[in-house]
Structure formats: structure tokens, C-alpha cells
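Below: the structure, in C-alpha cells.
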Amino acid sequence: MKVTEQRVTVADGVALNVAVGGTGSPVVLLHGFPQTHLMWRHVAADLAADHTVICPDLRGYGDSDKPADDGRAYSKRTMAADVVALARALGHDRFALAGHDRGALVAVRAGLDHPAAVTHLASLDVLPTLDTWDVMHGVTAAVGFHLYLMAQPPGLPEAMIGASADAFFGHFLDTWAVDPAAIPADVRAAYLKASREAVPSIVADYRASATVDVEHDLADREAGNRLRMPVTVLQQDWGTVLGFDAADRWRQWAPDLDHRTVTCGHFMAEEAPGEVVRALRDLLAR
């Protein structure tokens, strides 16, 4: 697969680093935390046989720009607008969209805000923002300690994480993977470098999900706004661990839903790329 990397301006003062390969109908792949577009390397190589595959670093991550936060700069609404602008700049008004972790939250917001642009939507291993907060209770919420840390006002989270960035980000790479070998040493080092250089913007992304993103999701829930396109969700069995019905939670947002439970770890595009490719190809055929 021939891949070109470029920077594309998507908003005033904000350009995204993006890798593009393949030919055919467009598929945009959004990475998660604490990663960059490199996480899609296996999946993208397969899809590029018959799709144009577009893999950006989200704003605030990797080699994309990291604007100062004004309380809205890292809302999923703003980040979703980046994705739509990126696709249009590359010549695509309509595209399929898949996101992992943080990228999945951006993908969901893009689907809600831009239904005419997003033809198909896939989410890997998260719940929508409102549901994430709803299911976190008691000691089981300790698995999401980072959500609460980065929800704090500016200052303390950035200082704490910045003081031990490799240990902090490395913790998730090590503990969330069932198969650590799926993230080889050079890729792990690239993720750690990218993350340690982006602490303020990564925290801002998470802080938005405890503030402005909640406002936006509540407004959609109250208005009855739903994802109109076919949706596929791949998740670990967090529902059993935390005591909720994951498929039912998703169905409230996505009536046309294919919900699948996986046995690999969180980093499924690297740990089980074949399973992810099959799910995405099934989605694109709907």
C-alpha cells in the first residue's frame, strides 16, 4: 500500500497530520488514547485494497496541531468538525467513519452532527460519553481513574501527568492489552513520545468529556437525536464487569446496530486486526 503523509488545514490555525492510502470509497479511521494514527497500520493496509483510507492524528495528538484550550477547542463537536473538514479537503463529502476509544467519541459526535456526511459508523471499545459516566460506580470505577483525574480544572492534572508521563501513558499500554506483543517496542516508543509531548492537549480532550461534551450529549438525548446510519460496535465485555447492558446502551443511540463482544484487549486494531477488518467490511456492506 502506497501511503502519503501530509498536513491538511481543517480550521483557523489548526492543521492535522494525516496518512492516506488506497483507492475507492473513503473510510476515515480515528485513533484512540494513548496512540496516534499508527494504531491502524494493519487494518488500513487491508482496507486500502478497495478503499481510500484516511488516518489522521486527532487535534492535540501526534503530529497534528495542539491549540490552546478555550473550553471548546477539544470538544468532540470541534474535533468532529475537523474530521469533516479533512475529508472535504481531500475531496470526499461523504465517507465511512470508524473510531477507537477517544476517536470513537469523535466519530459518534460526527455522526450526530453531520449525518449527511457519515455513511457508516464504527465504534471500538467505548460507550457514548453520557453512558460512560452513568455506569461508573463505586470501587469498579477505579478502572477509569484517569477519567476523573483529567476532569479536574487546569493545572493539577497536567503537572501530575507531565512529571511522570512515560509511566502514566505506559500504564495503559501495558495493562489494557491482553497481548502486549501486538504493540512492538518501536511503536510503543512512538506512542510514549507523542503522548509526553502532548500532555496539555490530551488532558484538555478528556476534560471536555466531563464538561462541554456532556452538555452536547444531553441536548441530543433530550431532543431525541440518534445516529441515522448503520452502526457497528466492538467492545470488550465491560458490561459484565461493571454491571450494565452494553448493547442496550448503544441501541438508545443507534437503532441500526450490530453490537459485537470481543475477547482481545482494548487495543483491538493491533491485537485482533482481522476481526476488526471483518467487522468493518460487514458494516460497509450494510
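The values are calculated or read from the model by the stated rules, or taken from the named source; none is laboratory data. Keep in mind it's a predicted model, so treat the numbers as computed, not measured. Backbone-built Cβ (ideal geometry, glycine too); neighbour counts: all protein chains shown. Remember, those area values only see protein heavy atoms, side chains included, never the ligands or the DNA or RNA. Shrake-Rupley method; radii C 1.70, N 1.55, O 1.52, S 1.80 Å.
Tabulated data for the structure shown
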| read-out | value |
| --- | --- |
| Fluctuation leader among Pro230, Pro67, Pro200 - the chain, Gaussian network, Cα springs under 10 angstrom | Pro67 |
| Solvent-free Debye scattering, log10 I(q)/I(0), computed from the Cα coordinates of segment 145-220 at q = 0.15, 0.20, 0.26 Å⁻¹ | -0.59, -0.88, -1.15 |
| Chain lengthening between Gln6 and Tyr148 when straightened (0.36 nm per residue, less Cα-Cα) | 47.6 nm |
| Built amide H within the under 5 Å cut-off of Leu30, gap 5+ | Ala98, Gly99, His100 |
| Expected 222 nm ellipticity per residue - DSSP helices of 4 or more, -39500 (n - 2.57), all of the chain, to 500 | -12500 deg cm²/dmol |
| Cα gyration tensor, segment 1-61 - rounded (a/c under 1.5), prolate or oblate | oblate |
| Where labels lie 7 Å past Cα in the beta-carbon direction, separation of Ala167 and Arg278 in nm | 4.1 nm |
| Cα-centre dipole for segment 1-79 with unit charges at Cβ (Lys and Arg positive, Asp and Glu negative), debye to 20 | 100 debye |
| Listed residues Trp250, Trp133 arranged by accessible area, highest first, probe 1.4 Å | Trp133, Trp250 |
| The chain: proportion of alpha-carbon pairs further apart than 35 angstrom, % | 8 percent |
| Accessible-area order (highest first, 1.4 angstrom probe) of the listed residues Phe145, Phe267 | Phe145, Phe267 |
| Relative contact order [Cα under 8 Å, 6+ residues apart], the chain, whole percent | 20 percent |
| ³J(HN,Hα) computed for each position of segment 54-61 - Karplus, 6.51 cos²θ - 1.76 cosθ + 1.60, integer Hz, glycine/proline x | 10, 10, x, 7, 4, 4, x, 10 |
| From phi via Karplus (6.51, -1.76, 1.60), per-residue ³J(HN,Hα) for segment 228-235 in Hz, x at Gly/Pro | 8, 9, x, 10, 10, 10, 10, 9 |
| Solvent-accessible surface (1.4 angstrom probe) belonging to Thr211, in square angstrom, nearest 10 | 60 Å² |
| Segment 76-144 - Rg over Rh from alpha carbon coordinates, Kirkwood radius | 1.09 |
| q = 0.18 Å⁻¹: log10 I(q)/I(0) that the Debye formula gives for segment 114-249, counting C-alpha atoms only | -1.29 |
| Spacing of the two label points (7 Å from each Cα toward its C-beta) at Ala45 and Ala247, in nm | 3.3 nm |
